[in-house]
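Reviewing the structure listed below.
Read-outs throughout are calculated quantities, based only on the coordinates presented, and are distinct from any laboratory measurement. Here the structure is a predicted model, which means the values were calculated and not measured. Here the Cβ is made from the backbone with ideal geometry for all residues, glycine too, and neighbour counts use every protein chain on show.
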Amino acid sequence: MKTNKTILIIFCMLISTIAVCQTEESEVKKYYENGNLKSIGNKIGDKMTGEWKSYYENGNLKGVANFINDIQVGESKSYSENGKIAMTGNFVNGKLTGQTKMYYPNGQLHKIGNVIDEIRNGETITYYENGQLSEVANFINGKKYGENKIYHENGKLKEIGEIENGDATGIWKSYYDNGNLESVGKYIEGVEAGDWNYYDKNGKLEDTIKYFDGKQSDNIPPIQKYLDKISRVDTYTDPTKVSQKLSANTFIITLESKSMRWQETYSGIDWSDFDKYRYNEYKDFFVVEFYFYDDIAYEMDDDEFGITKEESDNFKCKFLPEDKAAVLKILEDWKDLRGY
């Protein structure tokens, strides 16, 4: 019995010793093959804790970071190999959060902005290496939104326009470094659409180019300028969101309500086959129906019946009442121009 008791006491002492060792803080160093220090910091057990420093092989400081229980927290700094500051930021629960700054190799500030959980949010300002302002942009969940300004290295405005969901949208203008207008035109979902005017450095109009879906074209569908809108109409007491999108040869209309969602896709559209149109007026919107000489592929996808594929010689577009006169006018002009 005495022997067993002695063994038990020794075992308990051993366990206690191991537990103490696992909670004791110890310094950890790593070295390059040339003997220079690579990193230094403390660990509790196998987990990093406190301040850690890393170094380049030439001995210059590479980075300083802080850890709690192996998770990076607090201020963090990184440096270029020449010793200049490269980036500063703050970590929360292992993720970059808050104001971050990035620098050029010469130490000049390159970019300053905010991130949340390593995703850009809010205003970000970018500078040229000479310190001159380069760009002012706003982000929501990592994508650019709102007004975007880009500058020449001499401080003159270079580009200005709106961005939505990361894509250029609406009217954009670009300028020469002397301040004169270089181009003006419209974007829809990040690609050129409609007429774009181009000017020489003295401000004289040089050329006007028509775009459709980002490509030069003289056959621009007349409704293109209206289909970047999302309109809301009331269907009985159930609000329905109508979203329409037209690309070079595809028209997609999506309708969403509280109770269902369905989408119609018309593909293989050849606008040279456009024959005629009709329209109907309703209280909160009006509908234009486009007819073609040849059938186009049609696909219906809804929550209840799934996907149905057919062919059709027409499709319908919804428009807001305030657009009626402009839409009908441009349709008539377009038909007259094409000799219909």
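Is any residue of region 40-64 close enough, with backbone N under 19 Å, to a label point placed 7 angstrom from the Cα of Glu27 along the Cα-Cβ axis, and if so, which? Output list for this probe position: 40-56, 59-64. With all pairs of different C-alpha atoms in the average, the Kirkwood value for the hydrodynamic radius of region 25-216 is 19.8 Å. Taken about its Cα centre, region 118-216 carries a charge dipole of roughly 140 debye when the Cβ of each Lys and Arg holds +1 and the Cβ of each Asp and Glu holds -1. In this calculation the C-beta distance from Lys47 to Leu109 is compared with R0 = 35 Å, giving a FRET efficiency of 0.50. Fully extending the segment from Ile171 to Ala297, taken as 0.36 nm per residue of separation minus the present Cα-Cα distance, adds 42.1 nm. Close amide H partners of Glu192, meaning residues 5 or more places away or on another chain with modelled amide H under 5 Å apart, are Gly214. Each peptide in 64-70, 305-311 receives the mean, over its residues, of other Cβ atoms within 10 Å, and ordering these scores from highest gives 64-70, 305-311. Ignoring lysines fewer than eight residues from Lys276 along the same chain, the ones with Cα atoms less than 26 angstrom from its Cα are Lys210, Lys215, Lys225, Lys229, Lys245, Lys309, Lys316, Lys318, Lys324, Lys329, Lys335. In plain terms, the residue of Thr240, Thr250 with the fewest other Cβ atoms within 10 Å comes first and the most crowded comes last, giving Thr250, Thr240.
Within the same chain, lysines fewer than 8 places from Lys62 are excluded, and of the rest, those with a Cα less than 24 Å from its Cα are Lys29, Lys30, Lys38, Lys43, Lys47, Lys53, Lys77, Lys84, Lys95, Lys101, Lys111.
Between Asn82 and Ile160, the C-beta separation translates, for a Förster distance of 51 Å, into a calculated FRET efficiency of about 0.90. Rounded to the nearest 0.05, the FRET efficiency derived from the C-beta distance between Asn249 and Lys204 at R0 = 45 Å is 0.80. Candidates Ile330, Val288, Phe315 compared by Cα position along the dipole of region 271-333: farthest toward the positive end lies Ile330, with charges placed on Cβ.
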